[in-house]
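Reviewing the structure listed below.
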Amino acid sequence: LSSIFLHIRHLLKYAGYAHTLVYKVNFIVFTCAYVAIRIGFEAYHSARLVVEVWGRRTGEVFYPFAVFFAILGVTLTTLNVIWLRQIIYSAYYTIYPKTKSKAS
């Protein structure tokens, strides 16, 4: 769901509508969807899997797979937080570009 709004944001930016209200509203909706789905939902399921692995409630046969997916879930959640930070910085500097200071 958040990818749709991310692609719309890029299309608006490339079409020259980066300083419009539509771009800002799209960015707010994207941020909410990204936090709720990619970070919240994934962090919740990763934490549950880590607890299951820690308590050895996954069964002996599936234990190696559960450990792998627990590590993968924590890694992806961390990467999603880093990506969100980069996307927010990119959108902020698109909406409010840096002004060049005049040299004296």
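A few notes on this one:
- Listed peptides 82-88, 30-36 appear in the order 30-36, 82-88 once ranked by packing, highest mean of other Cβ atoms within 10 Å at the front.
- Counting protein heavy atoms only, the chain has 72 percent of its accessible area on carbon and sulfur, 1.4 angstrom probe.
- For the chain, the solvent-accessible area works out to 74 Å² per residue, with a probe of 1.4 Å and every protein chain left in place.
- Electrostatic bookkeeping for L6 treats Lys and Arg as +1 and Asp and Glu as -1; over the other residues with beta carbon under 14 Å from its beta carbon, the sum is +3.
- Cα pair distances of the chain binned at 5 Å [whole percent]: 2, 12, 17, 16, 12, 10, 9, 7, 6, 4, 3, 1, 1, 0, 0
- Evaluating 6.51 cos²θ - 1.76 cosθ + 1.60 at θ = phi - 60° for every residue in the stretch 11-26, the Karplus couplings come out as 4, 5, 5, 6, 7, x, 9, 6, 10, 9, 5, 4, 4, 5, 5, 4 Hz, glycine and proline recorded as x.
The values are calculated or read from the model by the stated rules, or taken from the named source; none is laboratory data. Predicted model only: the values in this text are computed from it and were never measured. A quick note on method: Cβ atoms are made from the backbone with ideal geometry, for glycine too, and the neighbour counts reach across all protein chains shown. Side chains are part of the model used for accessible areas, which takes the heavy atoms of the whole protein and leaves out ligands, DNA and RNA. Shrake-Rupley method; radii C 1.70, N 1.55, O 1.52, S 1.80 Å.
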